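The values are calculated or read from the model by the stated rules, or taken from the named source; none is laboratory data. Quantities reported herein were computed from a predicted structural model and do not represent experimental measurements. Cβ sites come from the backbone with ideal geometry, for glycine too, and all protein chains shown count toward neighbours. The protein model used for the area step is the full one, side chains on, heavy atoms only, and it has no ligands, DNA or RNA in it. Shrake-Rupley method; radii C 1.70, N 1.55, O 1.52, S 1.80 Å.
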Amino acid sequence: MKQTKMKTIKKRMRLVVLIAIVAISTSCSKPTEGTVVLGHEITVDVATVTQKEMVQNITGYGLISSETEAILSFKVGGIIQSILVQEGQKVKKGQLLARLDVTEIEAQVIQARNGFEKARRDLNRVKRLYQDDAATLENVQDLTTAFNVAKESLRIAEFNLKFAEIRAISDGTIVSKMKNEGELVTPGAPIFFMNDTSDDKWKVEIGLADKDWVKLNEGDLATVEVDAYPGEKFEGQVMRLAQGADPTNGSYQVEVNINPEGKKFAVGLFAKATIIPSTKERYHVMPIESLVEGFGKNGFVFIPHQDTAVRKIPVQIAFITPSEAVIAQGLEGIEKVIKGGSGYLTEKSKIRIQKDPRVATN
């Protein structure tokens, strides 16, 4: 009797487990809303691939600087006698900024002047002797050459004395001061970095890859965003395209001028420039839903093949809008792509193309 009851209980438990398994299987195999599975077929929507002339914005990052900037230095070396300005100070064109101790340079000028006077006396004397047949033409020529050399040496010494000081090349601001009084400097060593902000002329220089550089022209419009002014956009324009790659990093430099629109700018502010190329390019365009397995600029698309089959093809993405995927390569000769249901497909899937109900009612 007990054995009969146990068998009955076991049978009932097996039945409950079987019902549960069937219920779970049914719920798991239920297709997501919008995708209809008919037997082994998946019902999908297709979309037409179009071609459009579009513009892809080009973005770069850089630091703001003034359009007119300069690194100022002494023409000759020596000891700095005085520094007359500080960092951040505004200066006027021609204003004296620094000078060297000219003791040694003045001595060189005196030495060169004495040499010039001696060469002139020697030349005049030999010319008189030559007229009296007491000197040769070669003597005159040699001393004429010596006189010319002494004359140019004096001119060089006086020139160096004149440039033993630094003056502002324009109205502007001293951005940085690299040396101090009493330091020994070599010819051409940077002393000041200054920029000209008298006309509020600002720019940002960005580095671009060659494939982006070739799309731009001088005069192309741009918008510039500055970290110091969140949410604000400033008008800009491409003012210069470098004609060669930067040897340090291989990028091509592009200068974009900026209209500050009354805002306070300073050298070194971080900025993002978005350039709108004036030249349009022709792209293939499809709904963004058709794109599957996108990774960076690469992705895949399913296309109908022989009515009930599909093919998975690779594409190169140019850029994406909120509703469309703009394709640079991969859709040449393709008229249709699968739109609705593409996320459920594999290369072995069988499909059934859903007809447009608006067409069916006509």
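Among the conditions (1) at pLDDT 85 or above; (2) crowded, with 19+ Cβ neighbours inside 10 Å; (3) closer than 16 Å to residue 88 by Cα, residue 193 misses just one, which is (2). Highlighted here are the strands (runs of 3 or more DSSP E) found entirely within the range 196-311 that include at least 1 residues which are under 13 Å from the mean Cα position of the chain (by Cα): 202-208, 221-226, 234-241, 252-258, 270-276. Among the residues of the range 60-103, those identified as among the hydroxyl-bearing types (Ser, Thr, Tyr) and exposed (fewer than 15 other Cβ atoms within 10 Å of the Cβ) are 61, 82, 103. In the set (1) open to solvent by 50 Å² or more (accessible area, probe 1.4 Å); (2) farther than 28 Å from residue 243 by Cα, the condition left unmet by residue 173 is number (1).
The single residue among 267, 224 that is modelled with pLDDT under 85, in contact with a Ser or Thr (Cβ under 9 Å, 6 or more places away or on another chain) and either open to solvent by less than 50 Å² (accessible area, probe 1.4 Å) or closer than 15 Å to residue 202 by Cα (or both) turns out to be 267.
Restricting the range 289-317 to residues that are surrounded by fewer than 19 Cβ atoms within 10 Å (Cβ to Cβ) and either of a type in the set (S, T, N, Q) or touching an Asp or Glu at 6+ places or on another chain (Cβ under 8 Å) (or both), the residue that is modelled with the lowest pLDDT is 306. Within the range 197-221, restricting attention to residues that are open to solvent by 30 Å² or more (accessible area, probe 1.4 Å) and of a type in the set (Asp, Glu), the residue that is modelled with the lowest pLDDT is 199.
Once the range 151-170 is narrowed to residues that are surrounded by 13 or more Cβ atoms within 10 Å (Cβ to Cβ) and acidic (Asp, Glu), the residue that is nearest to residue 95 (Cα to Cα) is 165. Restricting attention to the range 136-150, the residues being under 22 Å from residue 115 (Cα atoms) and either of a type in the set (A, V, I, L, M, F, W, C) or open to solvent by less than 70 Å² (accessible area, probe 1.4 Å) (or both) number 8. Within the range 257-290, the set of residues being touching a helix residue (DSSP H, G or I) at 6+ places or on another chain (Cβ under 8 Å) and not small (Gly, Ala, Ser) comprises just one member, 289. Going through (1) open to solvent by 70 Å² or more (accessible area, probe 1.4 Å); (2) at pLDDT 90 or above; (3) touching an Asp or Glu at 6+ places or on another chain (Cβ under 8 Å); (4) within 30 Å of residue 92 (Cα to Cα) one by one, residue 233 falls short only on (4).
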